[in-house]
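A short write-up of the structure that comes next.
The values are calculated or read from the model by the stated rules, or taken from the named source; none is laboratory data. Everything numeric in this text was worked out from a predicted model, so none of it was measured. When we count neighbours, we look across all protein chains shown, and the Cβ atoms used for this are built from the backbone with ideal geometry, even at glycine. Surface areas here come from the heavy atoms of the whole protein model, side chains and all, with no ligands, DNA or RNA. Shrake-Rupley method; radii C 1.70, N 1.55, O 1.52, S 1.80 Å.
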Amino acid sequence: MRYDYLIAGSGLFGAVFAREAVSHGKKVLVIDKRGHIAGNIYTEDEHGIQVHKYGAHIFHTSDKRVWDYVQRFAEFNNFVNSPVARYGDELYNLPFNMNTFSKMWGISTPDEARRIIDEQKKEGYKENPSNLEEQAISLVGKDIYEKLIKGYTQKQWGRKCTELPAFIIKRLPVRFTFDNNYFNDRYQGIPIGGYTAMVARMLEGIEVLTDTEYRDFIKKNSGKQEPDIFDKVIYTGPVDEYFDYKLGHLEYRSLRFEEEYLPDCENFQGNAAVNYTSADVPYTRIIEHKHFEFGKGEGTVITREYPGEWKIGDEPYYPVNDEKNTSLYEKYKELADAEEGVIFGGRLGAYKYYDMDKVIAASLELADKELK
Ligand code: FAD
Ligand code: UDP
């Protein structure tokens, strides 16, 4: 059997590329080392609730092409992400907005909030913040940094805020309006019926082998990559793993998910996501999955997320795009560019802290180039 593309990884990057290649008349084979398709956006129906097995995923984008593209494979509901932060017994709305400021300081107008933040950021103010702590204080002041950012971020990344890049916190909107929408994007929602069904539709009619690891598969089928079996490989696993870590390890943050089914509880926390922002609670957040679909299902399923240091064999969830890792990645990128017949992509292949829409855009861009 001859294929134009062997696609290693059935996550969004691999699935979108596979769909595009097939619609251009190419023959593709998709493999995935996991026992299921869809990568980290995999969802499973439990008690009538779509459970996000690798962490909560909310689709949001301002990219019209990407939004129109995903509509072909799923209908999206009108979920709007509005997490709540819990510090001890205090509850605050996220992202940082007038509701947060009002609760924190007992104020009611944007001017009052700005005045407090300006006062709090004076001390140690830097025009160009060089790390996450400086960036956070200059955006929202010291009180919010101490209660809602410092502990959460140190748990999440296992590093001090002074050792983390500023851009991580810039993902979050800061607003002087009473608006709890976590994202500024034009489009937002959750695919009705779950992400797995959406990816399954992308892969409809395409040959997929799960429980199939790239290297084992190549070995079994030829001992090396035979050009007459696959013209090209699209590789969406970790780029450093592909090269046997020969330049050293890139660092990732890993997560452990502790899932619990509460048959007698209809509503555990009243919201899809509650972030636990103090350093003394070991998990970063609790997800209550039924709220992504406005409360359907029997009982409730909750998941506690425990961040952890990554080591070989663990799932690499978050690339750590700090200076050290970014410069190591650049060296791997040189190897990747020189690797004949293999194209690297996706969150792990490109070592980028990509959201879903960016992964789809990158995959469509590759398809535009490759398949024209
Ligand atoms: P993946 O989904 O990781 O897919 C890669 C696939 O390759 C996997 O299935 C893996 O098993 C397979 N693979 C790896 N190595 C091999 C190998 N050697 N052989 C065979 N198969 C292999 N984005 C958002 O837009 N909104 C969110 O709310 C959001 N929340 C997130 C929450 C968490 C906890 C995490 C970790 C990420 C979140 N993201 C979110 C980002 C989103 O998960 C990614 O953008 C997207 O899943 C990346 O798709 P991918 O195909 O690049 O990678
Ligand atoms: N963050 C925080 N407190 C919160 C939520 C987020 O300090 O309650 C910080 C934290 O550093 C996190 C970053 O903001 O890594 C980005 O948050 P986001 O929710 O976008 O993270 P992700 O969805 O990627 O886990």
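List of remarks:
- Residue match in the stretch 278-292 (condition: open to solvent by less than 10 Å² (accessible area, probe 1.4 Å), assigned to a helix (DSSP H, G or I) and more than 16 Å from ligand 1 (Cβ to nearest atom)): yes
- Among the residues of the stretch 22-64, those identified as within 12 Å of ligand 1 (Cβ to nearest atom) and charged (D, E, K, R) are Asp32, Lys33, Arg34, Lys53, Asp63.
- The stretch 293-319 residues that are away from ligand 2 (no atom under 16 Å from the Cβ) and open to solvent by less than 60 Å² (accessible area, probe 1.4 Å), paired with ones that are small (Gly, Ala, Ser) and part of a strand (DSSP E or B) (beta carbon under 8 Å, 6 or more apart): Asp314/Ser254; Asp314/Gly308
- Within the stretch 243-258, residues that are under 15 Å from Lys324 (Cα atoms) have Cβ atoms under 9 Å from residues that are open to solvent by 70 Å² or more (accessible area, probe 1.4 Å) and at pLDDT 95 or above in these pairs: Leu247/Lys331; Gly248/Lys331, counting only partners at least 6 apart in sequence or on another chain.
- Residue match in the stretch 154-162 (condition: buried (at least 18 other Cβ atoms within 10 Å of the Cβ) and more than 16 Å from ligand 2 (Cβ to nearest atom)): no
- Filtering the stretch 293-329 to residues that are under 16 Å from Glu46 (Cα atoms), touching a Lys or Arg at 6+ places or on another chain (Cβ under 8 Å) and assigned to a loop (DSSP other than H, G, I, E, B) leaves Lys296, Gly297.
- Leading residue by the ranking (nearest to Ile58 (Cα to Cα)) among those in the stretch 82-93 that are in a loop (DSSP other than H, G, I, E, B) and open to solvent by 10 Å² or more (accessible area, probe 1.4 Å): Ser82
- Test: Gly237 is part of a loop (DSSP other than H, G, I, E, B), on the phi < 0 side of the Ramachandran plot and of a type in the set (Gly, Ala, Ser): yes
- Filter result for Ile144 (in a helix (DSSP H, G or I) and free of Cβ contacts under 8 Å to residues at least 40 places away in the same chain): no
- Residue match in the stretch 240-256 (condition: under 22 Å from the mean Cα position of the chain (by Cα) and at positive phi): no
- Criterion applied to Tyr195, Tyr214 was being over 20 Å from Asp68 (Cβ atoms), within 13 Å of ligand 1 (Cβ to nearest atom) and open to solvent by less than 60 Å² (accessible area, probe 1.4 Å), and the one residue passing it is Tyr214.
- Members of the stretch 323-357 that are within 16 Å of ligand 2 (Cβ to nearest atom) and either touching an Asp or Glu at 6+ places or on another chain (Cβ under 7 Å) or over 22 Å from Arg171 (Cα atoms) (or both): Asn325, Asp357
- Which numbered condition Lys220 misses (of (1) open to solvent by 20 Å² or more (accessible area, probe 1.4 Å); (2) within 16 Å of ligand 2 (Cβ to nearest atom)): (2)
- Residue within the stretch 123-141 that is open to solvent by 10 Å² or more (accessible area, probe 1.4 Å) and touching a residue at least 40 places away in the same chain (Cβ under 8 Å) present: yes
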